Amino acid sequence: MLTACPAKSIETARAQSMSMARYANAGVDITRDLFREGVISLAQKDKIADGFLNLAKAGQLFDETLAAIEKSYGSNVPRTELEKLFESFNGIVVAKFLDLLKEMKLVGSGSRLGEVIEILRTTILAAAKIFGKAYEVRQQIEAI
Amino acid sequence: MNEKIEFLKQLISILGNVTLAEAVTWAEVEENARALRAEGHEGETDENGIS
């Protein structure tokens with residue numbers, strides 16, 4: 001059930017998407033450092049880079065969906081559209097994040113990457129909360 | 001001019017304790033991730049022998 005104000009939800013979703021992009025970019029930079037320092041192998045670096053690449057594409061798709069909804073409805077976004085937006089968020093961004101999380105677990109949560117993943121996790125949960133779906137998304141994350 | 005802007009940024013940061021993190025787009029993340037993916041594969045050739 002969606003309880004937040006639709007217009008505010010769109011605005012907050014956009015802000016959360018921007019935060020996630022910033023943290024994801026930090027994650028890419030840290031991965032590069034770890035690879036150059038020899039902490040992770042070429043194969044691990046490649047898998048994580050692929051994960052961030054897919055997450056970045058999903059993020060762009062989510063932003064495009066967000067913009068399309070806003071263009072169509074302005075500040076009067078129907079709740080049904082917000083439901084669709086969440087499905088888009090859950091189906092593309094969260095799914096790609098979960099793939100990335102699996103790769104990260106191979107590297108180890110104690111590394112600097114673990115910190116970035118924790119920040120990304122918190123941001124994704126905050127975004128899911130906008131849609132009233134934090135519990136659902138948390139369950140998916142914890143299932144990994 | 002740039003020095004003045006930098007000075008003002010620092011001043012705002014100190015006075016307001018504001019984090020001046022630059023906004024990053026998902027497109028920039030993709031570009032950064034693509035560059036990371038390519039790292040360590042320099043000089044490799046594809047199946048057609050093209051590097």
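The numbers here are math on the coordinates, done by the rules we state, and not lab data. The structure presented is a predicted model; accordingly, all values stated were derived computationally and were not measured. Cβ: placed from backbone, ideal geometry, glycine included. Neighbour counts: every protein chain shown.
At-a-glance table
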quantity	calculated
Rounded to whole Hz, the Karplus (6.51, -1.76, 1.60) HN-Hα couplings of the range A:11-27, x for glycine and proline	4, 5, 4, 5, 5, 5, 4, 5, 5, 4, 4, 5, 5, 4, 5, 5, x
Least to most buried among B:Leu36, A:Leu66 (fewest other Cβ within 10 Å first)	A:Leu66, B:Leu36
Residue-wise HN-Hα coupling along the range A:66-78, computed from phi with Karplus coefficients 6.51, -1.76, 1.60 (Hz; x: Gly, Pro)	4, 5, 5, 5, 5, 5, 6, 10, x, 8, 9, 7, x
Packing-based exposure ordering (other Cβ within 10 Å, fewest first) of A:Leu98, A:Leu42, A:Leu82	A:Leu42, A:Leu98, A:Leu82
Förster radius 22 Å - calculated FRET efficiency between A:Glu64 and A:Ala15, Cβ distance, rounded to 0.05	0.85
Helix-only CD estimate at 222 nm, as mean residue ellipticity for chain A, using -39500 (n - 2.57) per DSSP H run (n ≥ 4)	-27000 deg cm²/dmol
With Cα atoms, 0 to 90° folded angle of helix A:79-88 axis to chain A main axis	20 degrees
Extension reserve of the A:Tyr135-A:Arg79 stretch, reckoned as 0.36 nm per residue once the Cα distance is removed	18.3 nm
